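The values are calculated or read from the model by the stated rules, or taken from the named source; none is laboratory data. In this text the structure is predicted, and so the values were computed from the model without any measurement. All Cβ positions, even for glycine, are placed from backbone atoms using ideal geometry, and neighbour counts span all protein chains on display.
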Amino acid sequence: MGFITIRRLFKDKHMSETILYTHIQLPDCEYCHKAKDLFEKHNIEFEIQTVGQDLKPRDLYNKIGPYRVFPQIIYEGEYLPKGYSDLVEKLGEEQVS
């Protein structure tokens, strides 16, 4: 499934879905925490799903395709492949490293 197909799937089926995917083996994931803070700062309702607890790695792969970093983010139904970096850009924030 290509990127365009994935993007279309989210636009059609999950128009307002905002999900922050974290990983059970990364409880101190700095960028996961930063993404959560940004959502809260902007009063954006979101759901946190933890790979290894709420869903299996394969479930996330089937939803978004290959991934290598966390957090993985779906913002208002749009998959943000670069996670936190894409979220910062979308919200017009400055990147904090």
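Which residues, counting only those in region 84-97, are in a loop (DSSP other than H, G, I, E, B), in contact (Cβ under 8 Å) with a residue 24 or more places away in the chain and under 13 Å from F39 (Cα atoms)?
Answer for region 84-97, where residues must be in a loop (DSSP other than H, G, I, E, B), in contact (Cβ under 8 Å) with a residue 24 or more places away in the chain and under 13 Å from F39 (Cα atoms): L91, E93.
Listed here are the residues, each with its yes/no results for (1) within 15 Å of E17 (Cα to Cα); (2) out of contact with any His (no Cβ under 9 Å at 6 or more places or on another chain); (3) modelled with pLDDT of 95 or more.
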| residue | (1), (2), (3) |
| --- | --- |
| N43 | yes, yes, no |
| G52 | no, no, no |
| K63 | yes, yes, no |
| I73 | yes, yes, yes |
| V96 | no, yes, no |
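Quick one: count up the residues across region 1-36 that are in a helix (DSSP H, G or I), at pLDDT below 90 and of a type outside the set (K, R).
Qualifying residue count for the region: 7.
Working only within region 22-60, note down all residues that are among the charged types (D, E, K, R) and farther than 16 Å from Y84 by Cβ.
Correct list: E45, E47, D54, K56, R58, D59.
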